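The values are calculated or read from the model by the stated rules, or taken from the named source; none is laboratory data. Only a predicted model underlies this, so the values are computations on that prediction, with no experimental measurement involved. Here the Cβ positions follow ideal geometry from the backbone for every residue, glycine too, while neighbour counts run over all protein chains shown.
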Amino acid sequence: MIPRPRALLLLAVLSAAAEQPYAQPQKFALVIGISGYEPFGPDAAIRYADRDASDFAAFIKTAQGDSFPAGNVHLVTNKAASRRRIFSELRWLQSAGSNDKVYVFFAGHGIEFDNETYLLPADATRDTIDSTGIPMRDFFYRVTSKLSAMQIVVFIDACHAAAAAEGARDSPSVNVQKEWAGIDVRQGQVAMALFSSLANQRSWEDSLLGGGHGLFTWYLLRGLKGDAGSSPDGWITAGDVLDYTKKEVESRSLQMFRVRQTPFGSSRFRPDLPLARTAGKRLALAHTCASGTSTCLQRGVASFISTTWIKVKLTTTKGRSSRIKQ
């Protein structure tokens, strides 16, 4: 039996693994931004939530934002973001498969009413919040337990955002943090959220930030675009982004409004989860796969062979070396 060079054996194994079929992961995003809220009066007006949503949607469609397909990014703003439309879009997210990634972004009003925390769609009314608002615990259920996606990341830029996650301090019965902690997450699934402010804090807007933005979304996007730094493999992680956003939002809110706004992460927060790519850097393979799955190895091998020159020194009698590019 003629021995085969070990380098060629390795290449054969990698090539065979790369040729194995796997379910190509898809990416879906529901991005909601609601400015206005005229029925609640001028004091409740939000000026820049629609811009926040538009900028977030635009970013995640870029290579740096992980290349969400344009057709899979549903941007719903202002009057289009009715209660019925939001529920319809949440049902659309159920088409995401078990290997897919889902982002849900909401910029708008959150409010407490009758010991419950609600997100307000565009058609909510002051006198019927319980029937025209969206209970936060119901929202959480629909974007986590109702979905089978491998990764689910929720971004909420709203007043009382963290009351939705940990409960209002003056309303002990309202503790949706327990609801989030109790959601049904299957093995290997990631479901987490980034919130714009702690309970009983306001989430502020600033007209001086890029023509007007919410503080949380402005610094969230700045972090995702590179200001948060990155790991050596070229990815910007959720932990990078949260640390940067918290620091900058707290500083800006104290400077401009003399009060503190503190973003934070939900229970089951995964600081190592990659959210964005560092511009201009090749990326390591470790974050391209769903952890612990057979398709992870296959995708990693496929990426390795398709993007990397492999220098192989053949241990033959002539001792030649070859460069092989698939």
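Please work out if VAL185 is β-branched (Val, Ile, Thr) and at pLDDT 95 or above. No.
Just one of the listed residues (ALA58, ALA49, ALA23, ALA53) is surrounded by 13 or more Cβ atoms within 10 Å (Cβ to Cβ) and either at pLDDT below 85 or among the polar types (S, T, N, Q) (or both), and it is ALA23. For residues that are of a type in the set (A, V, I, L, M) and under 17 Å from VAL190 (Cα atoms), scanning just segment 242-286, find the one that is modelled with the lowest pLDDT. My answer is ALA286.
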